[in-house]
Structure formats: structure tokens, C-alpha cells
1. Which number in (1) farther than 20 Å from residue 87 by Cβ; (2) surrounded by 18 or more Cβ atoms within 10 Å (Cβ to Cβ); (3) more than 20 Å from the chain's Cα centre (by Cα) marks the one condition that residue 168 misses?
2. Within region 104-135, how many residues are part of a loop (DSSP other than H, G, I, E, B) and either under 26 Å from residue 12 (Cα atoms) or of a type in the set (Asp, Glu) (or both)?
3. Restricting attention to region 189-248, report how many residues are polar (S, T, N, Q), over 24 Å from residue 278 (Cα atoms) and free of Cβ contacts under 8 Å to residues at least 24 places away in the same chain.
4. Looking only at residues in region 271-310 that are among the aliphatic types (A, V, I, L, M) and within 23 Å of the chain's Cα centre (by Cα), which one is nearest to residue 211 (Cα to Cα)?
5. Determine which single condition residue 138 fails, assuming it passes every other condition in (1) assigned to a loop (DSSP other than H, G, I, E, B); (2) under 21 Å from residue 16 (Cα atoms); (3) over 22 Å from the mean Cα position of the chain (by Cα).
6. Looking at region 108-147, which of its residues are surrounded by fewer than 20 Cβ atoms within 10 Å (Cβ to Cβ) and in contact with a Gly (Cβ under 8 Å, 6 or more places away or on another chain)?
7. Picking from 219, 213, 249, which residue would you name as being of a type in the set (Asp, Glu) and either on the phi > 0 side of the Ramachandran plot or crowded, with 19+ Cβ neighbours inside 10 Å (or both)?
8. Hey, among 172, 191, 221, which residue is of a type outside the set (Asp, Glu) and closer than 28 Å to residue 74 by Cβ?
Amino acid sequence: MLTEFKPTHRGTYNCLEDVLECLATGYEREHLLMFMKAWDFNFFLKSLKGDKRLGTRVESGEYNAWESLKAYHGIGSKCLFTSNRQKQRDNLIVELQARRPVVLWLDGYYVPWTNIYKQLHMKHFIIAIGIDEMGQIEIIDPYWNKKVNKLSMEAFDQSTAKCINIKCLEEPHIIWQDILKSHIEHIMIRPYNAFESMRQFAQAIKTLDLTIEIAGFEELPYNCPFFMQLAEVFFKRLNYSKCLIYMGERFEEKRLVMYGEEMEKIGKIWQNTREQFADVYKGKCNTDIYSQIADTICLLADQEETLAKKILILCK
């Protein structure tokens, strides 16, 4: 069993981000630059294939944590995409025998220690660190607990787990101005400008119907796309703020620390916005609040756009 990998959960991290921090720490690397491309926002003006849910039209942006962890901290990964279960098993055994951890990308419906076990099909990430004498896989799942869990090979197959092999590479040299500038220019490109998308989303929520959003998720309403995407929006902003502060401290640029603190405030307002939608669902307030929320999101769009421009100036 690989004992150097210790489970730690942070309140703003999802299951994958907990796993990636665990890997980085085990390899004695930093990890916060995996959030370098976390700041984004997408909104599709038209519904997708007749789906009336607003939650399927809003996205927190493309997910780049794997790519960024490799580019900026030197921890690489390669997913084995085959549907052949025996090949997945063989790969798992070979990697663990070579004392290399394996990230498992699987369906949480078959993971016994989670709250979605046998309730909801949802992708989940965990780390395999060994196989015990009974043939069960020894698992670290930082998102759910701090112990070594056991997953049967049967559950491994039922969950259609895919192995993601991990390799620690040479730690890269980075130029902080270049990577910050590149990403911020990317999110400001039209027609997918993140801040314009936020303003368009603000207009759309004025006619939001939470009944439609939660249909099919009555047992776990906050797992519906609308609430999940809004959670990702504020989590990513809070994590991006940590990334800016980390860069400011590492490269001795106080203005980056200050901008990170600004982003943290923005992230907390997004969090409060999601909680206001939850209050409508709980019946604590009515839909009249949607207009007020829309105004808040437009203000956030202005604040984020101003912050983006200030960071670009700093990168020159």
C-alpha cells in the first residue's frame, strides 16, 4: 500500500481537485496552479435539443485542472479509455505493483461510502493505492473521508472504472505573466466572452422555473445541473483567488495578492447568489427576488471584467 498519499478535503474543492492535491502532496509538489484556468463562464442562448432547463445552458467553463497540473507542476496523467474490463484490471495491478498510484474515474453509484451510493449515477474520482490480501482495492477518497476504503473488483467493474495512470515529471519553469495573460485574453474573446455570458445569464434567470430544473432530482435537488453549475462557478472563483494569492507570494508581486483577495470577495457573492436560489426552492422567499439577483450578477460581470483588465495591465 502506498502510504505517502494522505487524504485531505478542502471545502472549495470537488472530488477531483481533492484527488489532485493528494497526488501533488504525495510527490512533494505544489498544486494551486492547477486552478490557473479556473476563471470562466459560459452561457448558451438557445436550449439544447429541447431541454428547457437553464442549468444545461450555463457552465462554469472548460475544466483544465489535469492539463494545468501537468503544465505548471509537472504531474502528468494518461487515461486508459478501453471498455475491456480485464485490461482495466490488468493495468491497475501492474501500476500498483510498480508502486504508482492510479486515479479511478468511475460511477459513484457503486461506491459504498458515498451519499450517492445506489441513489444517483454521477462521475467520481478516487485513488487506488494498493490491493489487499482478499483482492479488494485499497482506496483513498479525500472528498468523503480520511481512511483507507475498500472497493471490490466487482464494484470496480460495475462502475465501469477507467484507470488514469500518473507520472511525476520534471518540475517546469513558468513565467507567471505569460500564463496569466494567455488565459485572461482567452476568456475575453468574443462571442464567448465570459462577462457578456454572465450578463446574458442574468437576463435569463428572470423567468427561471425551479420546478423544471429539479425534475428528476427530487431526492437530491442540489445535484441538479442548475445548482451544480452555480456551485462550480463560486468554487472556481474562490480557488482562482487562492491561485492568484499563491502566485503573488511565490513571485513577490503584492498586486496579485490584492487581486486574489478581490476575487475571493466576488466568489463569496456568487456563493450567496446560489443560496438565494436555494431559499426560493425552500420557500423562504418568492421569485420576485430573481430581478434583484439578475442585477447582482450584472454587477459581478462588471467587477470581474474590471479585474481582468487590471491583471492584463500588470502582465505587460
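The values are calculated or read from the model by the stated rules, or taken from the named source; none is laboratory data. As the structure is a computational prediction, the values presented were derived from the model and not from experiment. Backbone-built Cβ (ideal geometry, glycine too); neighbour counts: all protein chains shown.
1. (2)
2. 14
3. Qualifying residue count, region 189-248: 1.
4. Residues of region 271-310 that are among the aliphatic types (A, V, I, L, M), as a first pass: 278, 280, 289, 293-294, 297, 299-301, 307-308.
This time we only want the ones that are within 23 Å of the chain's Cα centre (by Cα), so: 278, 297, 300-301, 307-308.
On the way: 278: 12, 297: 22, 300: 26, 301: 27, 307: 35, 308: 36 Å.
If we take residues in region 271-310 being among the aliphatic types (A, V, I, L, M) and within 23 Å of the chain's Cα centre (by Cα), then 278 is nearest to residue 211 (Cα to Cα).
5. Condition (1) is where residue 138 drops out.
6. Correct list: 116, 117, 120, 121, 122, 123, 138.
7. Details: 219 fails: either on the phi > 0 side of the Ramachandran plot or crowded, with 19+ Cβ neighbours inside 10 Å (or both); 249 fails: either on the phi > 0 side of the Ramachandran plot or crowded, with 19+ Cβ neighbours inside 10 Å (or both).
Just one listed residue meets the conditions, 213.
8. Working: 191 fails: closer than 28 Å to residue 74 by Cβ; 221 fails: closer than 28 Å to residue 74 by Cβ.
Result: 172 is the single residue among 172, 191, 221 that is of a type outside the set (Asp, Glu) and closer than 28 Å to residue 74 by Cβ.
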